[in-house]
Every structure is written in C-alpha cells, then in structure tokens.
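Working notes, structure below.
All of the numbers you see were taken from the coordinates with simple rules; none came from a lab. Quick caveat: nothing in here was measured; it's all calculated off a predicted structure. Here the Cβ is made from the backbone with ideal geometry for all residues, glycine too, and neighbour counts use every protein chain on show.
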Amino acid sequence: MGTMTRGRSLALRWGVQVAMALPLAILVGRWLMMAGGVSPLDAGLTAEPVAETINRLGLWALRALWLALAITPLRRLTGWAWLAPWRRPLGLWAFAYGCIHLLVYFVLDQGAAFDLLWADVVKHRFILLGMATWLMLLPLALTSTRASIRRLGGRRWQALHRLVYPAGGAAAIHFILRVKGFQIEPWIYAGLLLTLLGMRMVPRRRIKV
C-alpha cells in the first residue's frame, strides 16, 4: 500500500525518532553511572569505556546511514511513497552520531589536541577515511532543508547529495580497516551497502500517492 493514515504516519515518525535516539540515551546513562562511581564493566562499557563508546557511536552512525540509503530502493521495490520523508531524518541521525563519534574521539581519546589528531590522521588510513566520510556528510546535513533545495536548484542539490554514496563507501572501508584482524561484521556492512546500491538498478515501480 502506497499511503498511510495521518495517525499511523505520526506514530511511525515518533517511533523512528525514539528508536534512533535510544542508543545515545543508553550511552549517556552508562556514563552517568560511571560518574556516580559504578565501574565501566558494571556500567556495560567494558574495561575501555572510551574506545567502546567511540565504537558504538560509529556503528550507529553507519546503521543510520545505511537505513537512509535503503529508503529509495525500498520505495522502488514496494511503491511505498510514505517512506520518502524518512530519508532526511535518518541521514541527519547518521550525521549526528558521526559528529558525536568524532567529538568523543577528539576530546576523550586525543585530549582535544589538534597535533595528536593530525598525527593520527596521517598515520592511520582508517582515521583519514573516517574524517573524509564526515566531511562529505557535512554539506549534505547543512543543505538538508527545503530552503536549500530552492536556493541550489533541484539538479545541483541532487548532484551535491550524491556525495552520500562515496561517503557510504568511505565509511564501509573505515570500518573494515578499523577492526583488528579479519572480522565478519564490517564485511557484512560492506555487503549490505553493495546490495543497496545494486537495488537502485532495479526498474522503478510506479509510486502510488
């Protein structure tokens, strides 16, 4: 079915927002537990809470970005026009998690020292790719409003927002290079990205409105 009632649409809207905010709220709650004297292990953040927090934030940035990328293929396959409004909020959640991921890394891991950050970027390719991903998502977040579409014009706006695809590729490689040794999880995410991109080649169904 291509349409849904206003009530169901509102419930879905709040449901998606709550679902995306929940992992962040849980992380904040665990850090508050540690601030209250609970050990990192008992708070659920392992023996290395900073590294664990950085990893979880990065993973949720990736998940939100993949969900945003899934909207158009799903619309094409199903004809569900009501999915379209979720591309922007999911993309913004991906950027938000990416920003907090970067902030925690810079402040808690690097001590807010730009020289240490630069040395890490130069030394580690996965950090360079992570920074590149964030830089590609930045103009997309800044131009996510209808006013930006009018100001840039539809074609230029669409061309700019195709940066989401190299950003997704950079994020997938960042994850693969980030982990030590061979681990299957990053490759699953890379495979999902390739699947989503391949689904865009499926002929478009006529959308019911």
Kirkwood radius from Cα pairs of the chain plugged into Stokes-Einstein at 4 °C, 1.567 mPa s, gives D in µm²/s equal to 69 µm²/s
In degrees, nearest 10, the alpha-carbon axis of helix 6-35 is tilted away from the dominant principal axis of the alpha carbons of the chain by 0 degrees
Quick calc: nm separation of the 7 Å Cα→Cβ label points for Leu22 and Val107 -> 2.6 nm
If the chain between Ala51 and Ala84 were fully extended at 0.36 nm per residue, the gain over the current Cα-Cα distance would be 8.4 nm
